[in-house]
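**Q** Provided herewith is a single structure, encoded as structure tokens, for subsequent inquiry.
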Amino acid sequence: MYRFSALINKEWLEAIRDKRALFLTCFMGLMGPGLFILIFTLLQNEISSNENTSVNIINLHYPALENHLTQQGFEHDSDAPISIEFPTDMTSALSQAKKITVVIKGNLANQN
């Protein structure tokens, strides 16, 4: 036990004498949480921006659904990297209460 306390005292004295190590220890202890809060705030603002997302909507013949997508922040653009494709027989499938498959394709290489 004596050797362990002597080792702790020696390391403590060296840490106090080394100003760079003491500065880094205090800097990370005091400024680290602030830096994390700043980074997370910037990321949240980037993710939750109110810009509309351009999508290519294919085979949609329902104005109510198109208006809903517009209200949710999607705007129709035929050159968009993201496309939402509805089936051509969507009207008959919905009238017979069958399930439909909506295909969403996108190039997510540019994630601004």
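**Q** For residue 101, indicate whether it is out of contact with any strand residue (DSSP E or B) (no Cβ under 7 Å at 6 or more places or on another chain) and in a loop (DSSP other than H, G, I, E, B).
**A** In short, yes.
Every residue, every condition in (1) farther than 30 Å from residue 72 by Cα; (2) modelled with pLDDT under 80; (3) within 16 Å of the chain's Cα centre (by Cα), yes or no:
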| site | (1), (2), (3) |
| --- | --- |
| 12 | yes, no, no |
| 16 | yes, yes, no |
| 21 | yes, yes, no |
| 43 | no, no, yes |
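**Q** Give me the pairs: first residue in segment 1-21 and at positive phi, second residue charged (D, E, K, R), beta-carbon distance under 7 Å, and six or more apart or on different chains, which are they?
**A** No pair meets every condition.
Matching residues to (1) surrounded by 10 or more Cβ atoms within 10 Å (Cβ to Cβ); (2) outside the structural domain of residue 88 (by TED's automatic domain parsing); (3) small (Gly, Ala, Ser); (4) in contact with a strand residue (DSSP E or B) (Cβ under 6 Å, 6 or more places away or on another chain):
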{"residue": "17", "(1), (2), (3), (4)": "no, yes, no, no"}
{"residue": "25", "(1), (2), (3), (4)": "yes, yes, no, no"}
{"residue": "31", "(1), (2), (3), (4)": "yes, yes, no, no"}
{"residue": "34", "(1), (2), (3), (4)": "no, yes, yes, no"}
{"residue": "58", "(1), (2), (3), (4)": "yes, no, no, yes"}
{"residue": "62", "(1), (2), (3), (4)": "yes, no, no, no"}
{"residue": "65", "(1), (2), (3), (4)": "yes, no, no, no"}
{"residue": "72", "(1), (2), (3), (4)": "no, no, no, no"}
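**Q** Answer yes or no as to whether residue 46 is charged (D, E, K, R), closer than 25 Å to residue 82 by Cα and not in a helix (DSSP H, G or I).
**A** Answer is no for this residue.
**Q** Ok, one more. What do you reckon, is residue 38 part of a helix (DSSP H, G or I) and closer than 30 Å to residue 91 by Cα?
**A** So residue 38 fails the test.
**Q** Within segment 74-84, how many residues turn out to be exposed (fewer than 12 other Cβ atoms within 10 Å of the Cβ) and more than 14 Å from residue 105 (Cα to Cα)?
**A** Of the residues in that region, 0 qualify.
The values are calculated or read from the model by the stated rules, or taken from the named source; none is laboratory data. Not measured: the values here are computed from a predicted model. Cβ sites come from the backbone with ideal geometry, for glycine too, and all protein chains shown count toward neighbours.
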